[in-house]
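> Questions regarding the structure given below will be posed in turn.
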Amino acid sequence: MEDRELYRQAKAVLNRAYAPYSGFRVGAALLTKEGRVFTGVNVENSSYGATICAERVAVGKAISDGFREFEAIAVASSEGKAWPCGICRQFLYEFNTNLRVITGIDAEHLECCTLKELLACGFRLSAE
């Protein structure tokens, strides 16, 4: 799947976000190695710590359906370009340090980098 199409899918769901406090709506589209796409939106809460980001919603949906290998994630927001926050970077790092992360102001003006570039020294527990 092309980056533009994945971004369009993220953009298509961002209006479903529940963001009554910040007004900052985010949509994410997560591509599995099998070619499936799972979307997510941010869900705010009166207790800000209980808020969940669009990226983690998408991952949760994919995991719930039995998928654990991801190739790319696109993130779109109501305010233009939006890279994943630190918590989401660490959350995604668990699954693929080389995940392609895509964002932009629209499908014609995208930026892409790997998760490892966004989170150079991410934390991993090791059984070794």
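> Quick check on region 99-122: of everything there that is in a helix (DSSP H, G or I) and under 14 Å from the mean Cα position of the chain (by Cα), which residue is surrounded by the fewest Cβ atoms within 10 Å (Cβ to Cβ)? Show your work before the answer.
If we filter region 99-122 for residues that are in a helix (DSSP H, G or I), which is where we start, we get 115-118.
Among the residues that remain, those that are also under 14 Å from the mean Cα position of the chain (by Cα) are: 115, 118.
Numbers: 115: 24, 118: 17.
In this case the residue turns out to be 118.
> OK, next. Only one of these is small (Gly, Ala, Ser), touching a Gly at 6+ places or on another chain (Cβ under 9 Å) and modelled with pLDDT of 95 or more: 86, 104. Name it. Even if it seems obvious, please write down each step before you answer.
Numbers: 86 fails: touching a Gly at 6+ places or on another chain (Cβ under 9 Å).
104 is the lone residue from the list that is small (Gly, Ala, Ser), touching a Gly at 6+ places or on another chain (Cβ under 9 Å) and modelled with pLDDT of 95 or more.
> Among (1) touching a Gly at 6+ places or on another chain (Cβ under 8 Å); (2) surrounded by fewer than 16 Cβ atoms within 10 Å (Cβ to Cβ); (3) within 19 Å of residue 113 (Cβ to Cβ), where does residue 59 come up short?
(2)
> If I filter region 64-84 down to residues being within 14 Å of the chain's Cα centre (by Cα) and farther than 12 Å from residue 31 by Cα, which single residue comes out as most open to solvent (accessible area, probe 1.4 Å)?
81
> State all residues of region 19-71 that are touching a Cys at 6+ places or on another chain (Cβ under 6 Å) and of a type in the set (A, V, I, L, M, F, W, C); if no residue qualifies, say none.
Scanning region 19-71 gives a single hit, 53.
> Just to verify a result, which residue in region 6-35, among those that are charged (D, E, K, R) and touching a residue at least 40 places away in the same chain (Cβ under 8 Å), is surrounded by the most Cβ atoms within 10 Å (Cβ to Cβ)? Working first, answer last.
First, pick out the residues of region 6-35 that are charged (D, E, K, R): 8, 11, 16, 25, 33-34.
Okay, now just the ones that are also touching a residue at least 40 places away in the same chain (Cβ under 8 Å), so 8, 11, 25.
On the way: 8: 15, 11: 19, 25: 21.
Ranking the qualifying residues of region 6-35, first place goes to 25.
> Now for a different question. Do you know which residues across region 86-98 are surrounded by 15 or more Cβ atoms within 10 Å (Cβ to Cβ) and either within 17 Å of residue 27 (Cα to Cα) or in contact with an Asp or Glu (Cβ under 8 Å, 6 or more places away or on another chain) (or both)?
Of everything in region 86-98, those that are surrounded by 15 or more Cβ atoms within 10 Å (Cβ to Cβ) and either within 17 Å of residue 27 (Cα to Cα) or in contact with an Asp or Glu (Cβ under 8 Å, 6 or more places away or on another chain) (or both) turn out to be 88, 89, 91, 92, 95, 96.
The values are calculated or read from the model by the stated rules, or taken from the named source; none is laboratory data. Computed from a prediction, not measured in an experiment: that's the story for all the values here. Here Cβ is always computed from backbone atoms with ideal geometry, including for glycine, and neighbour counts include all displayed protein chains. All accessible areas refer to the heavy atoms of the entire protein, side chains included, with ligands and DNA or RNA removed. Shrake-Rupley method; radii C 1.70, N 1.55, O 1.52, S 1.80 Å.
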